1. Which numbered condition in (1) buried (at least 22 other Cβ atoms within 10 Å of the Cβ); (2) modelled with pLDDT under 85; (3) of a type in the set (A, V, I, L, M, F, W, C) is the only one that B:Leu123 fails?
2. Mind checking which pairs have a first residue in the stretch B:451-467 that is in contact (Cβ under 8 Å) with a residue 24 or more places away in the chain and a second that is acidic (Asp, Glu) and open to solvent by less than 100 Å² (accessible area, probe 1.4 Å), Cβ under 6 Å, 6 or more apart or different chains?
3. Residues to consider are A:Arg137, A:Arg175, A:Arg200; find the one that is over 29 Å from A:Leu101 (Cβ atoms) and open to solvent by 10 Å² or more (accessible area, probe 1.4 Å).
4. Residues being touching a Leu at 6+ places or on another chain (Cβ under 8 Å) and either open to solvent by 70 Å² or more (accessible area, probe 1.4 Å) or facing chain B (nearest Cβ under 9 Å) (or both): count how many of those fall in the stretch A:100-127.
5. Of the residues B:Leu232, B:Leu227, B:Leu286, B:Leu268, only one is open to solvent by 20 Å² or more (accessible area, probe 1.4 Å) and under 33 Å from the mean Cα position of the chain (by Cα); which?
6. Given B:Gly308, B:Gly321, B:Gly331, which one is open to solvent by 20 Å² or more (accessible area, probe 1.4 Å) and small (Gly, Ala, Ser)?
7. Here are the criteria: (1) at positive phi; (2) open to solvent by 10 Å² or more (accessible area, probe 1.4 Å). Tell me which single one B:Gly74 does not satisfy.
8. Determine, yes or no, whether A:Ala116 is under 19 Å from the mean Cα position of the chain (by Cα), farther than 21 Å from B:Ile171 by Cβ and not in a loop (DSSP other than H, G, I, E, B).
Amino acid sequence: MLEAVELTKKYGDMTALDRLTLRIEPGEIFCLLGANGAGKSTTINLFLNFTSPTSGRAVVNGLDATTSAIESKRSLAYIPETVMLYRNLTGLENLAYFSELAGHGYDDGQLRQFLARSGLQIDAVDQRVKGYSKGMRQKVGIAIALAKKATALLLDEPTSGLDPKASNEFALLVRELANDGAAVLMATHDLFQTRELSSRFGIMKRGRLVETRATREIGHAELERIYLEHMHD
Amino acid sequence: MIRKIARKEFIEMTRDGRFRTVAMAVCGLLVVAIVLGAMHHRREESQRDDARRATREHWLAQGEKNPHAAAHFGVFAFKPESALSPIDRGVNDFVGTFVFLEAHRQNEFRSRPAEDSSASGQLGALTAAVILQFLVPLLIIALGFASFAGERETGTLRQLLSIGVSPRKLIAGKWFGVVAVLAVLFIPTTIIAAGVLSSIHGLDVPRCVMLAIGYLLYDGCFLGLTLAVSALASSSRMSLLTMLGFWVTVTLILPRVIADSAEIVHPLPSLAQFRAGIDVDLKKGLSAHATDSPEIVKLRERVLKQYGKERVEDLPINFDGLILQASEDSGNAVFDRHYRALWSIYHDQDVFRSRVGVFAPASVMRDLSMALAGTDFEHHRHFAEVAETYRRGLIRQMNHHITHHMNGAEYDSKAHPELWSSVEDFRYEPPSAVEVFRSQRTNFAILAGWCIVALGAAWIAAMRVKP
């Protein structure tokens, strides 16, 4: 479960996030839409404790992300726009390293299963990451989330720049994780994917969550209309 | 977790071809420097052994001769190369390698290799100490400057911190990772060095261990600061520039500034001034030729009274021998006064360097390295004092023979050659490792302090790491 309670972040006079209150239940995929600088990434950074809130709380599975920074991340997985990995290690070694640091010791076979489940080609598993495409890196990111048994997922424009096929594969994997009980918060510009993937979506504007809707209530055209309305205000 | 981070750091660094090239170059240079140092040591020792034997043979082969003439004939004392001089030549090339021991004079050391070297030689030899003090810190900076800053730039730090890794465990892991790489490089190099050193002179284990501890503290200081700077720097470029600036300041600029400042604050007399000062005081002292000087008159009266005689000719001893020794004692007092003042200036300079060196670990490491290698000025002074003690003993023995076994000090009175062999050959034992440790406690403490501060800085910086 991911929860923001009156979550506010100010940089001097500028309010990056204004009293965000939001709750994402296990199994739910919540997409945050908004222009650049709307506060989507700030929200994710607050859940990761990469920055401290000015007021309010970010809660991950009942743990305050600021006061229990290390503990709250144990059940959290983060996939940014491009999953950054160690270039001189193979995909398998990267996965082993990150899952070991997360406290999970897997044998070689189990790690390969996670990578296979994430859709990474078998012949790429033992190659150094410096030769990986962005889509392959994102798949290793999903494998890390799988290996970590994450129950909360933070995705920051994870399909940006991916080709449609890779983007679709990624969406299916995220759906799979949600079906396994993960609460997913995804910041995105992709309205199509929001419509296809999310349970709910919210639109952010100048640090405020200005609208929240259940995705199933509306069609794609309606979603686009609502989004553009807010963008043109 | 720390072990896992360290292992990953180790794998990544050793897979980096650029690192492998640089690291192998540094280690290769280190081995070459030690081998060259050992060859130099062996050559020097061989030459000095030959010279030692020759001076002894010449002394013994004097034949029948007046002992005072033998005292002027004199002997040479050759300073032995210390066991660790292949590591650090210290001041050896600048202070001279032997001294002529004769009656009436405490001579200066001769044969300073630096004076005979070419222009390129004046820049300083490539020794293991130079590599350990200058290049190894550079290697550590190269290994560590991107530890955090580089990961921040590539985005892996964000990935890592999102996992829930404690920044302190992260910095500890990175610290051990670099240490593991250095261990892989330098343990074999140390074993090779130990083999080379033990093959030429036997291994002085306590000094080697202390030297290793000193360099570990010195390197620990660079490693801690490199990680701290990397954790706080906005970019790896900034991290590298900051640490290179620190390296230049600490290893190149500050030691020179401190050494020059020490000479300004505690100036040494020029050699000409020093000699002139001694000559002036010697002239004021007792001369064996001025038999009617007040000092000799007083000595005569005291000795006549002691033996209850009226005339020198009635004494059971040769009074001329006593005059020679009194003249020697008078000269020795002059030498003691001047050399004590000179040593005192050197000591004050050492104290100054040690105090100001709190701000310059490289300066402290340089002093510590020379001291443990037995090639610092204190070791030279120790040898000079032992040689001078030997000279005085030898001259006293000659004068004693004249006093008690000869009728007159004239050159036609000759001693039997057995007298020459009764003089013990010159032997020298350098200060023990314990004595050196005692003298270097402050330098050890300063380096340990730097190491602790650097590790503390890394520890504190770890808490401020941001992705």
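The values are calculated or read from the model by the stated rules, or taken from the named source; none is laboratory data. Model, not experiment: these values are computed from the prediction. Ideal geometry is used to build each Cβ from the backbone, glycine not excepted, and the neighbour counts take in all protein chains shown. The area values use the complete protein model at the heavy-atom level, side chains included, leaving out ligands, DNA and RNA. Shrake-Rupley method; radii C 1.70, N 1.55, O 1.52, S 1.80 Å.
1. (1)
2. Listed pairs, sorted by first residue: none to list.
3. Working: A:Arg137 fails: over 29 Å from A:Leu101 (Cβ atoms); A:Arg175 fails: over 29 Å from A:Leu101 (Cβ atoms).
Going through A:Arg137, A:Arg175, A:Arg200 in turn, just one is over 29 Å from A:Leu101 (Cβ atoms) and open to solvent by 10 Å² or more (accessible area, probe 1.4 Å): A:Arg200.
4. Step one: of the stretch A:100-127, the residues touching a Leu at 6+ places or on another chain (Cβ under 8 Å) are A:101, A:108, A:111-112, A:114-115, A:117-119, A:125-126.
Right, trim to either open to solvent by 70 Å² or more (accessible area, probe 1.4 Å) or facing chain B (nearest Cβ under 9 Å) (or both) and you get A:101, A:108, A:112, A:117, A:126.
Count: 5.
5. On the way: B:Leu232 fails: under 33 Å from the mean Cα position of the chain (by Cα); B:Leu227 fails: open to solvent by 20 Å² or more (accessible area, probe 1.4 Å); B:Leu286 fails: under 33 Å from the mean Cα position of the chain (by Cα).
After ruling out the rest, the residue left standing is B:Leu268.
6. Values: B:Gly321 fails: open to solvent by 20 Å² or more (accessible area, probe 1.4 Å); B:Gly331 fails: open to solvent by 20 Å² or more (accessible area, probe 1.4 Å).
Matching residue, one of B:Gly308, B:Gly321, B:Gly331: B:Gly308.
7. Among (1) at positive phi; (2) open to solvent by 10 Å² or more (accessible area, probe 1.4 Å), the lone unmet condition for B:Gly74 is (2).
8. Working: under 19 Å from the mean Cα position of the chain (by Cα): no; farther than 21 Å from B:Ile171 by Cβ: yes; not in a loop (DSSP other than H, G, I, E, B): yes.
Taking the combined requirement at face value, the residue does not satisfy it.
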